[in-house]
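The block underneath contains the structure these notes are about, expressed in structure tokens.
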Amino acid sequence: MNNNHLNGFGEINKPALQKTIVAKYSDFQNITENLFKYIDFSDKTYINRLDDESVITNDENFLGLMESIKQIGLLNPIYLFQKTKNEYIIISGWRRLLALKEIYKSNKNMIFSQKAIIFNKNTPNEVLENTSIHENTKRKDLSILELSYKFNNLAKIDGIGVDDCLKKFNIGKTQFHAIKKAINFDPFIKDFVLETVGPLKSDYLNKILEKLLLENSETSAHIVIKNSMNKTVEELKTTLKNLEENSEKSREFFEYKFTKNGATFKIKETISEENCKKIENYIKRLLKK
């Protein structure tokens, strides 16, 4: 028996090949509270863990995983196999599913978009076995969002300062602050931009998106962000500066500023009905932000 057969997918770590195999036998679905009615947690055919569920759910790391999912969402998908019409078994992501199971006890409305990969009934056992082994043994660096969560927790819970973090993670101050802020970025930036362009550019793109959303639809704002992802940091700085200047010009008939007690608006005494509508829409977008 050769190594290629043992490896199953061969060079499975290559994204293109992995996507091809997943696409051939499965599709992506949203994770909702309703999904858990159909998952057989007792079937551990593909679970590569010896730990008992009661031990896992009381572990400090598990509680940290739950809190992380609540704060930054589910970063990696879970894999299920549709054994029968109304029954799924877990291929990979047992701990994450246990965490979600606990989370749904107190919040039944959470939706994790396209985070369940469901293998169909015709999936060869070899594919299921190798997916299970691969997904449960591969090592990954922390994502930017996971680092952001970690940095914020270190400061909040352990009282570790900026300088200590810089030494601990061998990271520059500018990058550190950008990563630390990432947890509060707009969902679009976190889901579709952050891991592609990195924390520094994402920080500027997030600021640009905030400006765009005050005066544009979400769809058009997202298109601008997508088209700006290949720009340099300097080009993004210029874009942000121009947006700020244009925003000031477009608001000649009113101005606002934030204070500790909220926001204050100054509006010209006589304005047109059209400008009244603009102010109304602007405030709505500002509150939504």
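The values are calculated or read from the model by the stated rules, or taken from the named source; none is laboratory data. Everything numeric here is computed off the predicted structure, so don't read it as measured data. So basically every Cβ, Gly included, is an ideal-geometry build from the backbone, and we count neighbours across all protein chains shown. Heavy atoms of the whole protein, side chains included, go into the accessibility calculation; ligands, DNA and RNA do not. Shrake-Rupley method; radii C 1.70, N 1.55, O 1.52, S 1.80 Å.
Give me the distance in nm between label points sitting 7 Å out from Cα along the Cα-to-Cβ direction at N109 and K237, one decimal.
For the pair N109/K237, the computed spacing is 4.2 nm.
Sorting check: for 85-91, 100-106, which peptide has the highest mean count of neighbouring beta carbons within 10 Å, and how do the rest follow?
Packing proxy ranking, top to bottom: 85-91, 100-106.
How many nm is it between the label spots at T57 and K156, if each spot is 7 Å from the Cα in line with the beta carbon?
The modelled label-to-label distance comes out at 2.4 nm.
For segment 41-101, which whole percent of the accessible surface, found with a 1.4 angstrom probe, sits on carbon and sulfur atoms?
Ligands and nucleic acids excluded, carbon and sulfur give 44 percent.
How would you classify segment 142-219 from its alpha-carbon gyration tensor, with a ≥ b ≥ c the square roots of the eigenvalues: rounded for a/c under 1.5, else prolate if a/b is greater than b/c, otherwise oblate?
prolate
Give, as a single signed number, the net charge of other residues whose beta carbon lies under 13 Å from the beta carbon of E33, with Lys and Arg counted +1 and Asp and Glu -1.
Working: positive: K37, K101, K105, K108; negative: E102.
Charge balance near E33 sits at +3.
For the ranges 162-170, 190-198, 232-240, what's the packing order if you count other beta-carbon atoms within 10 Å of each residue, average per peptide, and put the highest first? Intermediate values should be presented prior to the final figure.
Numbers: 162-170: 12.2, 190-198: 17.2, 232-240: 14.0.
Ranked by mean Cβ neighbours within 10 Å, highest first: 190-198, 232-240, 162-170.
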